[in-house]
Amino acid sequence: MSYVDEVIAQVIEKNPAQPEFHQAVKEVLESLRVVIEADEEKYRKDALLERIVTPERQLLFRVPWVDDKGQVHVNNAFRVQFNSAIGPYKGGLRLHPSVNLGIIKFLGFEQIFKNSLTGLPIGGGKGGSDFDPKGKSDREVMAFCQSFMTELCKYIGADTDVPAGDIGTGAREIGFMYGQYKRIRGLYEGVLTGKGLSYGGSLARTEATGYGLLYLTEEMLKCNGHDIKGKTVCVSGAGNVAIYAIQKAQQLGAKPVTCSDSTGWIYDPEGIDVALLKEVKEVKRARLTEYAAKRSSAEYHEGRGVWTIKCDVALPCATQNELTLDDAKALVANGCIAVAEGANMPTTMEATEYLQANKVLFAPGKAANAGGVATSALEMSQNSERLSWTFEEVDSKLKNIMVNIFHNLDDAAKKYGMEGNYVAGANIAGFLKVADAMQAQGIV
Ligand code: NDP
């Protein structure tokens, strides 16, 4: 059995009931096969793959908190410190009822390669809890965040592990967590990113993932002879990534016509009204039915369906495994030319293979959504310098980083004989830097 196959089999055996983690490892290792097999004995002797698929540390803890009626609740919480070869652990905190150890491990594993691709000195980590902030009062969310941070603060720090937002963790939650960290540790330091502007946050961090997604998509289209201007775009999700992807797509002259949340989706042939979407989602935290009620050109549909709309470019920005093989078939049948992942692993493996086989340009999340973590690293730099850069300065650094990421993965794909396979290019480019650092640092 080849070394890659052996390690995939071991991961499945040693980490039962973690299908998302298996999927992420399989996808990465399959595309590294050509690199590993060129020097298999060396990698095997150093157990490099076993080390890279095994987190350096996994923290599991309970989070007790009291609701507004005096009832005590207990949630499970996780922080997986996956790999620190190239910098302190860095990765978001997800608050969603679906969170479990396998999901956090899949996200942490992906984060290693994504962070490496940014070219910035950040290792890979991820965390979260099965707490659901939806429908909770601000006081209940604060109670949860304070209890969560009371335990987590023992294991993180500006030079060791710097968490950030993710699904369910926005500016409100980061604020509550930061306050509790400062209170317990007595340190005013850049331990979290995604902070508010009045206490160390970076301009353009809120917009970064969505904007970065569009910068990379624009470059990918340009290098393949297309212009983003005038393109019809389908977006899923209606959260942080989706909203700013829609905004930047419009600024670049494209027309985003859909968005979705966990209950339904909008088709707005006139183009999504970003101000209204922000009002519904960021201010009122309401359902998309409210968007449709206020916009005569919009249709609201229950359930899933965004990918049935004819478009040139598809941007899945909600959650993992939301774009299936059937969706990929519908996109291809409708003439879609490019898919770029705003969310983490939103496209199933079968759907990815189908899109690639049908010559759809495909940018994987670990490259396409790296703008968020890259700007988080820029927030860390500003905190260390005790300075704040302007919006334009951060945005222009973000754009450079995204354009560079695209060329890194394009070059890596070409170098290993897989031109146009940006999944392989991203995994290879991300892996080589981390593997080099791990080998230089000995068996640790
Ligand atoms: P938000 O919580 O702001 O928004 C998530 C959106 O996706 C919401 O519209 C939500 O609907 C929808 N959604 C979430 N879970 C499901 C589900 N199981 N089924 C259907 N819809 C769902 O999160 P973000 O925008 O921050 O994150 C979106 C994705 O992007 C995630 O995969 C995240 O890991 C990834 N990402 C985020 C980064 C960031 O900087 N924020 C950086 C890099 C990646 P509803 O409103 O109904 O909950």
_Given (1) open to solvent by 50 Å² or more (accessible area, probe 1.4 Å); (2) part of a helix (DSSP H, G or I); (3) of a type in the set (D, E), number of the condition D159 does not satisfy_ = (2)
*Select from the range 162-215 the residues that are in contact (Cβ under 8 Å) with a residue 60 or more places away in the chain, hydroxyl-bearing (S, T, Y) and part of a helix (DSSP H, G or I) and list them in ascending order.*
T209, Y211, Y215
*Does any residue of the range 87-100 turn out to be of a type in the set (A, V, I, L, M, F, W, C) and either open to solvent by 30 Å² or more (accessible area, probe 1.4 Å) or touching a Lys or Arg at 6+ places or on another chain (Cβ under 7 Å) (or both)?*
no
*asked:* I'd like to check something: does the range 362-381 contain any residue that is over 30 Å from V306 (Cβ atoms), surrounded by fewer than 19 Cβ atoms within 10 Å (Cβ to Cβ) and over 19 Å from the mean Cα position of the chain (by Cα)?
replied: yes
*Among S198, S147, which is small (G, A, S) and outside the structural domain of G127 (by TED's automatic domain parsing)?*
S198
*Would you check which residues across the range 281-320 are more than 10 Å from the ligand (Cβ to nearest atom), assigned to a loop (DSSP other than H, G, I, E, B) and closer than 17 Å to P256 by Cα and list them?*
R295, S296, S297, A298, G305, I309, K310, C311, D312
*Among the residues of the range 22-67, write down those that are open to solvent by 30 Å² or more (accessible area, probe 1.4 Å) and in contact with a His (Cβ under 8 Å, 6 or more places away or on another chain).*
P64, V66
*Conditions: (1) within 24 Å of the chain's Cα centre (by Cα); (2) open to solvent by less than 20 Å² (accessible area, probe 1.4 Å). A318 meets all but one. Number of the miss?*
(2)
*Tell me, yes or no, whether the range 223-232 has at least one residue that is open to solvent by less than 10 Å² (accessible area, probe 1.4 Å) and either within 15 Å of the ligand (Cβ to nearest atom) or in contact with a Phe, Trp or Tyr (Cβ under 8 Å, 6 or more places away or on another chain) (or both).*
no
*Quick check, is L331 closer than 24 Å to D227 by Cα, within 22 Å of the chain's Cα centre (by Cα) and open to solvent by less than 40 Å² (accessible area, probe 1.4 Å)?*
no
*Looking for whichever is within 15 Å of the ligand (Cβ to nearest atom), within 30 Å of N408 (Cα to Cα) and open to solvent by less than 20 Å² (accessible area, probe 1.4 Å) here; the options are I122, I167. Which one fits?*
I122
_Return the residues of the range 1-21 that are touching a residue at least 60 places away in the same chain (Cβ under 8 Å), assigned to a helix (DSSP H, G or I) and surrounded by fewer than 20 Cβ atoms within 10 Å (Cβ to Cβ); say none if nothing qualifies._
P19
*Do you know which residues across the range 247-266 are within 22 Å of the chain's Cα centre (by Cα) and basic (K, R)?*
K248
*asked:* Cβ contacts < 7 Å: first residue over 18 Å from A249 (Cβ atoms), restricted to the range 270-290; second residue among the hydroxyl-bearing types (S, T, Y) and in a helix (DSSP H, G or I), any location; separation 6+ or different chain. Result?
replied: V280/Y291
*State the number of residues belonging to the range 263-280 that are out of contact with any Leu (no Cβ under 8 Å at 6 or more places or on another chain) and either open to solvent by less than 40 Å² (accessible area, probe 1.4 Å) or outside any loop (DSSP other than H, G, I, E, B) (or both).*
10
*When the range 233-262 is examined, which residues are found to be out of contact with any Leu (no Cβ under 6 Å at 6 or more places or on another chain), assigned to a helix (DSSP H, G or I) and more than 11 Å from the ligand (Cβ to nearest atom)?*
I246, Q247, Q250, Q251
*List the number of the failed condition for G196; all other conditions in (1) within 16 Å of the ligand (Cβ to nearest atom); (2) crowded, with 20+ Cβ neighbours inside 10 Å hold.*
(2)
_Unmet criterion (only one of (1) under 20 Å from the mean Cα position of the chain (by Cα); (2) among the β-branched types (V, I, T); (3) away from the ligand (no atom under 13 Å from the Cβ)) for T160_ = (1)
_Looking at D410, D395 in this structure, which one is touching a residue at least 24 places away in the same chain (Cβ under 8 Å), assigned to a helix (DSSP H, G or I), of a type in the set (D, E, K, R) and farther than 30 Å from L197 by Cβ?_
D410
*Check every one of the helices (runs of 4 or more DSSP H) wholly within the range 321-389 and list those with 1 or more residues that are near the ligand (Cβ under 9 Å from one of its atoms) and not aliphatic (A, V, I, L, M).*
365-368, 371-385
*Residues of the range 244-260 being surrounded by fewer than 24 Cβ atoms within 10 Å (Cβ to Cβ) and free of Cβ contacts under 8 Å to residues at least 40 places away in the same chain, which ones?*
Q250, Q251, L252, G253, K255
*asked:* Please verify whether A77 is in contact with a helix residue (DSSP H, G or I) (Cβ under 7 Å, 6 or more places away or on another chain) and assigned to a loop (DSSP other than H, G, I, E, B), treating the condition exactly as stated.
replied: no
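The values are calculated or read from the model by the stated rules, or taken from the named source; none is laboratory data. Because the structure is a prediction, the values reported are computed rather than measured. Ideal geometry is used to build each Cβ from the backbone, glycine not excepted, and the neighbour counts take in all protein chains shown. Calculation scope for accessible area: heavy atoms of the full protein, side chains included, ligands and nucleic acids excluded. Shrake-Rupley method; radii C 1.70, N 1.55, O 1.52, S 1.80 Å.
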